[in-house]
Amino acid sequence: MKVILKQEVTGVGAPGDIVEVKDGHGRNYLLPQGLAIQWTKGAEKQITLIKRARSAREIRDLGHANEVRARLESLNVKLPVRAGEGGRLYGSVTPTDVAAAVKTSGGPDLDRRRLELPGVVKSVGAHKIRVKLHPEVSATFTLTVVPA
């Protein structure tokens, strides 16, 4: 089955790629989750729109990825959240929360799907967050969760 990826799928491809996947994987996972659309000649025209959107937020090259990594690793990111007694959070910290905290701390725009949190963040304190900026470059920074 030929599909056009709408989002990055680990081990399959990047947004805008036309890939051949097994019928079951495409029909039961990629299409229902909204990660891909079935390939047609008309849908192929949408690839240019997907690739244009991807290039706007994409790290351009290895040098740019290293610059962004240096900015991230020198950044002090604090995220104020509601917490109860003992430093336990009401809810948890999501990748969207982390991306917004990086932006408000003066960092670059990050795609929430590229953030790797260490499990579920449900407590106040320092947490190491990893960001995959480029296939060859990853950055690690410390997120300090503080009670609001």
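Coordinate-derived values only; no laboratory data. Everything quoted here is computed from the prediction, not taken from an experiment. Backbone-built Cβ (ideal geometry, glycine too); neighbour counts: all protein chains shown.
Which distance in Å, rounded to a whole number, links the C-alpha centroids of the stretch 1-55 and the stretch 61-117?
Measuring centre to centre over Cα atoms gives 28 Å.
For the stretch 62-147, what ratio Rg/Rh do Cα atoms give with a Kirkwood hydrodynamic radius?
0.99
Using a Gaussian network model of the chain whose springs link C-alpha atoms within less than 10 Å, name the residue from Leu89, Leu115, Leu49 with the highest mean-square fluctuation.
Maximum among the listed residues: Leu49.
Taking the chain as a Gaussian network, where each spring joins two C-alpha atoms under 10 Å apart, which residue of Val131, Val120, Val81 fluctuates the most?
Val120
Can you compute 3J(HN,Hα) from phi for each residue in the stretch 17-26, using the Karplus curve 6.51 cos²θ - 1.76 cosθ + 1.60 with θ = phi - 60°, rounded to whole Hz and x for Gly and Pro?
Per-residue couplings from phi come out as 6, 9, 10, 9, 10, 5, 3, x, 5, x Hz.
Around Leu79, which amide H atoms from residues at least 5 apart in sequence, or from another chain, sit under 5 Å from its own amide H, with H modelled in the peptide plane?
Those qualifying (amide H under 5 Å, at least 5 residues apart or on another chain) are Thr144, Val145, Val146.
With each label point set 7 Å from Cα along the Cα-Cβ vector, what nm distance links Lys2 and Ser74?
4.8 nm
Apply the Debye scattering formula to the stretch 2-57, with a single equal point scatterer on each alpha-carbon and no solvent, then give log10 I(q)/I(0) at q = 0.14 Å⁻¹.
-0.32
Starting at the first residue of the stretch 116-123, write each ³J(HN,Hα) from the Karplus equation 6.51 cos²θ - 1.76 cosθ + 1.60 with θ = phi - 60°, in whole Hz, x for Gly and Pro.
Per-residue couplings from phi come out as 10, 7, x, x, 9, 8, 10, 9 Hz.
Charges on Cβ only, +1 for Lys and Arg, -1 for Asp and Glu, centred on the Cα centroid of the stretch 1-130; of Ala99, Leu5, Gly42, which one is farthest towards the dipole's positive end?
Checking the options against the dipole of the stretch 1-130, the answer is Gly42.
If you take the charge dipole of the chain about its Cα centre, with +1 on Lys and Arg Cβ and -1 on Asp and Glu Cβ, which of Ala14, Ala83, Pro108 is farthest toward its positive end?
Ala83
Which loop-located trypsin sites (Lys or Arg not before Pro) does the stretch 11-90 contain, where loop means any DSSP state but H, G, I, E or B and the Cβ has at most 16 other Cβ atoms within 10 Å?
Filter output for the stretch 11-90: Lys22, Lys45, Arg60, Arg82.
Can you list residues from other chains, or at least 5 along the same chain, whose modelled amide H is less than 5 Å from the amide H of Trp39?
Placed amide hydrogens put Lys2, Val3, Ile4 under 5 Å from Trp39.
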